[in-house]
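**Q** So that we are looking at the same thing, I have put the structure below in structure tokens.
The values are calculated or read from the model by the stated rules, or taken from the named source; none is laboratory data. On a predicted model such as this, the values are computed, not experimentally measured, just so you know. Here the Cβ positions follow ideal geometry from the backbone for every residue, glycine too, while neighbour counts run over all protein chains shown.
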Amino acid sequence: MTKPIPIDRDVECSCCRHTGTISRRFFLQGILTTGLIYGANLSHPQPALANEHRAKALVLTCIDFRFVGFEQSFLSRQGLDQAYDWVALAGASLALTGFPHPAEAEAFWDQLALSKQLHDIGKVVILDHQDCGAYASVHKQPFPDLTSEQNLHTQYLNRAYKQIQQRYPDLDVELYFAHLTGEVNLVSPYQSM
């Protein structure tokens, strides 16, 4: 049986025997970096091409497993199949506010900087989705309808858009909202519904 890794307590690293504190940020960076290294499509792995070390985009999605297949199909239809770095954080755009902890926002910015530096990305794609548990944590009342739910996501997507554009004005930013049916809608920046 494997022991859980204590977070923010002294531990000994099994590979180098270093004793110290593993912070939440360090832990998240390790997990997210693993996601960047091993890519988004593990079911059909492709050999790494040494001469093609450029991704088209960094994609930010929620961690919700129900949408992974939809998202991969959608990204493929957008011409991004196997040409993107993928970061998954609870709430997607909500994570840029520091939900549920500031380390999530820090991890996103760290991964975006690495993706731009290492893979020369040209855009960021953010995919929020319907029936998100992270959003339910900050919006305690049930949404009266899908439009109200999408309006709240639109506010956070636009906030993320502005933050990314302030730090990286040279990157394009695309915002989307995915439905439980698999339909994905473009959210125009600054759009109010």
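**Q** Select from region 166-188 the residues that are closer than 22 Å to F70 by Cα, touching a residue at least 40 places away in the same chain (Cβ under 8 Å), assigned to a loop (DSSP other than H, G, I, E, B) and not small (G, A, S) and list them in ascending order.
**A** Once the filter is applied, which keeps residues that are closer than 22 Å to F70 by Cα, touching a residue at least 40 places away in the same chain (Cβ under 8 Å), assigned to a loop (DSSP other than H, G, I, E, B) and not small (G, A, S), region 166-188 yields H179, L180.
**Q** Only residues that are assigned to a loop (DSSP other than H, G, I, E, B) and under 10 Å from the mean Cα position of the chain (by Cα): list them for region 90-116, please.
**A** The answer is A90, G91.
**Q** Please go through region 71-89 and give me each residue that is over 24 Å from R159 (Cα atoms) and under 15 Å from the mean Cα position of the chain (by Cα), ordered by number.
**A** Scanning region 71-89 gives a single hit, Q72.
**Q** For region 127-141, does any single residue satisfy the condition of being part of a strand (DSSP E or B) and either hydrophobic (A, V, I, L, M, F, W, C) or touching a Leu at 6+ places or on another chain (Cβ under 7 Å) (or both)?
**A** Yes, because at least one residue in region 127-141 is part of a strand (DSSP E or B) and either hydrophobic (A, V, I, L, M, F, W, C) or touching a Leu at 6+ places or on another chain (Cβ under 7 Å) (or both).
**Q** Here is a list of conditions, (1) under 10 Å from the mean Cα position of the chain (by Cα); (2) farther than 25 Å from N151 by Cα, and I121 meets all of them except one; can you say which number that is?
**A** (1) is the only condition that I121 fails.
Okay, residues lined up against (1) within 23 Å of K56 (Cα to Cα); (2) touching a Gly at 6+ places or on another chain (Cβ under 6 Å); (3) not β-branched (V, I, T):
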| site | (1), (2), (3) |
| --- | --- |
| A113 | yes, no, yes |
| D120 | yes, no, yes |
| P142 | no, no, yes |
| I164 | yes, no, no |
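**Q** Those residues that are surrounded by 16 or more Cβ atoms within 10 Å (Cβ to Cβ) and either in a helix (DSSP H, G or I) or in contact (Cβ under 8 Å) with a residue 60 or more places away in the chain (or both), I need them from region 142-159; list them, please.
**A** Once the filter is applied, which keeps residues that are surrounded by 16 or more Cβ atoms within 10 Å (Cβ to Cβ) and either in a helix (DSSP H, G or I) or in contact (Cβ under 8 Å) with a residue 60 or more places away in the chain (or both), region 142-159 yields E149, Q150, L152, H153, T154, Y156, L157, N158.
**Q** Could you run through region 62-82 and say how many residues are within 21 Å of A107 (Cα to Cα) and part of a loop (DSSP other than H, G, I, E, B)?
**A** Residues flagged as within 21 Å of A107 (Cα to Cα) and part of a loop (DSSP other than H, G, I, E, B) within region 62-82 amount to 3.
**Q** If you check I121 against the conditions, is it assigned to a helix (DSSP H, G or I) and at pLDDT 95 or above?
**A** no
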